[in-house]
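Asker: Submitted below is the structure of interest, expressed as structure tokens.
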Amino acid sequence: MMVAFISVMSYVRVPLPFSEAAITGQTLALNVIALLLTPKEVFVTMLCYWLLGFIGAPMFGGMAGPGKLFGPGGGYFVAFIIAGVLIAKLRGENYHLGRYVLVTVVAGLFVINGIGFLWLKFVTGMTWEMAFLAGVVAFAPLDILKCIVACVVVKPLRRALCVLDDMQI
């Protein structure tokens, strides 16, 4: 279900005219997944997402294949796996909005945008400044907002999952 969720959220897409990467709903989905699942479940979810896209399933906003995963935006896909596991490990057992925001913004975004920016720089040959502007600065404001939204919506989602778990139909 979570693989489908992040795939669907990849279709929520705002292309940037000055960057090879686009603003998508994937980071919102990744944060929700990492705040709900165990680190192992996050790893398996994100690995399945990556592998399905690698073999050609249209997982990345209708795009797929090795060219997408190893192209200019490929660093973000690699970083999703690392950041997701890191967020799941650092979030704690009990919901706490402040800690969740801190973990998703500091741990998640630094990993995602850091790896994505470095990958973008080396794959495209952009200057350091241009890669930083296109790969980090362009995304940071909306990424922070997506982190906050994920942290707010995950509380009722956790409650709903607990209710469903207790029902064990």
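The values are calculated or read from the model by the stated rules, or taken from the named source; none is laboratory data. All of these numbers come straight from a predicted model, not from anything done at the bench. Quick reminder, even Gly has a Cβ in these numbers, built from the backbone with ideal geometry, and neighbours come from all protein chains shown.
Asker: For the stretch 138-155, give me the residue count where each residue is modelled with pLDDT of 90 or more and more than 19 Å from Val103 (Cα to Cα).
Answerer: Matching residues across the stretch 138-155 total 0.
Asker: Restricting attention to the stretch 78-100, does a residue exist that is in contact with a strand residue (DSSP E or B) (Cβ under 8 Å, 6 or more places away or on another chain) and of a type in the set (Phe, Trp, Tyr)?
Answerer: First, pick out the residues of the stretch 78-100 that are in contact with a strand residue (DSSP E or B) (Cβ under 8 Å, 6 or more places away or on another chain): none.
No, the stretch 78-100 contains no residue that is in contact with a strand residue (DSSP E or B) (Cβ under 8 Å, 6 or more places away or on another chain) and of a type in the set (Phe, Trp, Tyr).
Asker: Just for the stretch 7-26: of the residues that are touching a Lys or Arg at 6+ places or on another chain (Cβ under 9 Å) and at pLDDT below 90, which one is surrounded by the most Cβ atoms within 10 Å (Cβ to Cβ)?
Answerer: Thr24
Asker: Continuing with this model, one more query. Do we find that Ala4 is surrounded by fewer than 21 Cβ atoms within 10 Å (Cβ to Cβ), of a type in the set (A, V, I, L, M) and either part of a helix (DSSP H, G or I) or within 10 Å of the chain's Cα centre (by Cα) (or both) in this structure?
Answerer: Yes: the conditions hold for Ala4.
Asker: Next up: Out of Phe77, Phe43, report the one residue that is within 19 Å of Ala107 (Cα to Cα), within 13 Å of the chain's Cα centre (by Cα) and surrounded by fewer than 21 Cβ atoms within 10 Å (Cβ to Cβ).
Answerer: Values: Phe77 fails: surrounded by fewer than 21 Cβ atoms within 10 Å (Cβ to Cβ).
On inspection, the qualifying residue turns out to be Phe43.
Asker: Right, next: Within the stretch 113-155, track down each residue that is of a type in the set (S, T, N, Q) and assigned to a helix (DSSP H, G or I).
Answerer: Across the stretch 113-155, the qualifying residues are Asn113, Thr124.
For (1) under 17 Å from the mean Cα position of the chain (by Cα); (2) surrounded by 23 or more Cβ atoms within 10 Å (Cβ to Cβ), each residue gets a yes or a no:
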| site | (1), (2) |
| --- | --- |
| Val106 | yes, no |
| Gly114 | yes, no |
| Met126 | no, no |
| Gly135 | yes, yes |
| Ala138 | yes, no |
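Asker: If you don't mind, there's one more thing I want to ask. Inside the stretch 12-112, counting only helices (runs of 4 or more DSSP H) that do not spill past its ends, which hold 3 or more residues that are more than 20 Å from Ala150 (Cα to Cα) and in contact with a helix residue (DSSP H, G or I) (Cβ under 8 Å, 6 or more places away or on another chain)?
Answerer: 39-54, 66-69, 74-90
Asker: Just to be sure before I move on: is Glu93 surrounded by fewer than 16 Cβ atoms within 10 Å (Cβ to Cβ), among the acidic types (Asp, Glu) and more than 20 Å from Leu118 (Cα to Cα) in the structure I sent?
Answerer: yes
Asker: Also, I was wondering about something else. Just to be sure I understand the filter: pairs with C-beta atoms under 8 Å, separated by 6 or more residues or on different chains, first member in the stretch 119-132 and within 14 Å of Tyr76 (Cα to Cα), second member surrounded by fewer than 19 Cβ atoms within 10 Å (Cβ to Cβ) and small (Gly, Ala, Ser). Which pairs pass?
Answerer: Val123/Gly71
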